[in-house]
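The structure appears right after this line, and notes come after that.
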Amino acid sequence: MTSNRNHSGKVALVTGGNRGIGLETARQLAELGFTVLIGARDLAKGEAAAKTLGGQVGAIALDVAALDAADRAAAEVERRFGRLDVLVNNAAIHYDPSARALRPDWKTIREAFETNVFGAWRVAAAFAPLLGASGHGRLVNVSSEGGSLASMGAGAPAYSTSKVTLNALTRILAAELRGAGVLVNSICPGWVATDMGGHGGRPVAQGAAGIIWAATLPDEGPTGGFFRDGNKLPW
C-alpha cells in the first residue's frame, strides 16, 4: 500500500516519534527517502531512537502539550529546511477502556485533550505555513476508530472524545488548507501491538502503512477524510 516513489529531498516530522507506531512511521518514511525528524518530549530519547533507524533521521524537541514548543520547533525547521512536506500528528496519550463517562477522571480527560487535541492543533497551526511552502504538503492526524461516532459506545471516554474532536479538526483544517495544496486526513492505524495498544494487536508495520499512504498521497488524492488501510471509515 505504501508508495514506491522516491521522496529524496522531502522533509517529514513525526510527533511522538521515539517509540511505537511513531517510530515505525519514521522508519518507513526514511526508507522512502524522506529526511525525517522525530519529535519527542525528551530530546535525548528522540536522538537515541533516531540512531536505531537507517536513512536521514534526526530528532527535534517537541512536547506538544507545552504552549510554545510547536512554535519553537517550527522556527527550527524553517531555519534548517525552509519548508515541511509531511507532518504526522502521532503523539497521543490515555487510552482508558475501563473508564466510564459517568465516573469522570477529570485529570485524565484534561490531559488527553491537552495532548490529543490541543497538542495536534498547536502543531498543525505552527507548521501550516511550512506545509504550504512545500506546495504538496501532507498533514496526517493519527486518529482511531474509537473516535468514530458511528461505532462509539461505553468505555474509553477520555480517549474517544479526544479522537472524535481530532477528527472534527481534520475536517476544518482540510478546508482551510485546501487552497495551499495541503491534503489533511485522519488515519486509524487499527489495533496495533504497542505500549498503548498492548499485546495481541496487528504488527506495528501494518498499522503504520496506512499513515504512510496518507503521507504520500498524490496531489489529486483525498482530503478531509477518515481512513484505515486506505479505506474510508464512517465518521
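Computed from the coordinates by the stated procedures, all read-outs in this text should not be read as laboratory data. No experiment lies behind these values; they were computed from the predicted model shown. Cβ sites come from the backbone with ideal geometry, for glycine too, and all protein chains shown count toward neighbours.
Rounded to two decimals, what ratio of Rg to Rh does segment 11-232 give with C-alpha atoms and a Kirkwood Rh? Walk me through the numbers before you get to the answer.
Values: Rg = 16.0 Å, Rh = 17.1 Å.
Computed over Cα atoms, the ratio is 0.94.
Starting from the Cα of residue 206, step 7 Å toward the Cβ, then list every residue of segment 23-59 with an amide N under 18 Å from that point.
24-25, 28
Provide the gained length on full extension for the span residue 66 to residue 51, in nm with one decimal, where the gain is 0.36 nm per separating residue minus the Cα-Cα distance.
On the way: separation 15, 0.36 × 15 = 5.40 nm, distance 2.53 nm.
Contour length minus Cα-Cα distance gives 2.9 nm.
Taking Cα atoms, how many degrees apart are the long axis of helix 204-215 and the longest axis of the chain, rounded to 10 and kept between 0 and 90?
60 degrees
Residues of segment 215-233 with the amide nitrogen closer than 19 Å to a label point 7 Å from the Cα of residue 136, along Cα-to-Cβ, please.
Residues passing the 19 Å test: 215-224.
Would you order 216, 25, 115 from fewest to most other beta-carbon atoms within 10 Å of each residue's own beta-carbon?
Details: 216 24, 25 32, 115 20.
Least crowded to most crowded, the residues run 115, 216, 25.
Can you figure out the FRET efficiency of residue 125 with residue 232, using R₀ = 35 Å and their beta-carbon distance, to the nearest 0.05?
Working: r = 26 Å, r/R0 = 0.75.
Once the sixth-power term is evaluated, E becomes 0.85.
Whose amide H sits under 5 Å from the amide H of residue 39, counting only residues 5 or more places off or on another chain, with H placed in the peptide plane?
Distant-sequence amide H within range of residue 39: 14, 15, 16, 17, 60.
Once the convex hull of the alpha carbons of segment 89-133 is built, what does its volume come to per residue, in cubic angstrom? Provide the component values of the computation, followed by the final result.
Details: hull volume 3.0 nm³, N = 45.
Residue-normalised Cα hull volume stands at 67 Å³.
Counting Lys and Arg as +1 and Asp and Glu as -1, each charge on the Cβ, what is the dipole of the chain about the Cα centre in debye, to the nearest 20?
Numbers: 23 positive and 20 negative charges, 30 e Å.
Around 140 debye, computed over the chain.
Applying a 10 Å radius around every beta-carbon, put 120-126, 33-39, 101-107 in order of their mean neighbour count, most first. Working shown, then result.
Numbers: 120-126: 21.7, 33-39: 25.4, 101-107: 10.3.
Peptide ranking by packing, descending: 33-39, 120-126, 101-107.
Of the beta bridges DSSP finds with both residues in the chain, what % are antiparallel, to the nearest 5? Before the final figure, lay out the partial values.
Details: 2 of 27 bridges.
Counting DSSP beta bridges with both partners in the chain, the antiparallel share is about 5 percent.
For segment 58-188, with equal point scatterers placed on the C-alpha atoms only and solvent neglected, what are the log10 I(q)/I(0) values from the Debye formula at q = 0.22 1/Å, to two decimals?
-1.24
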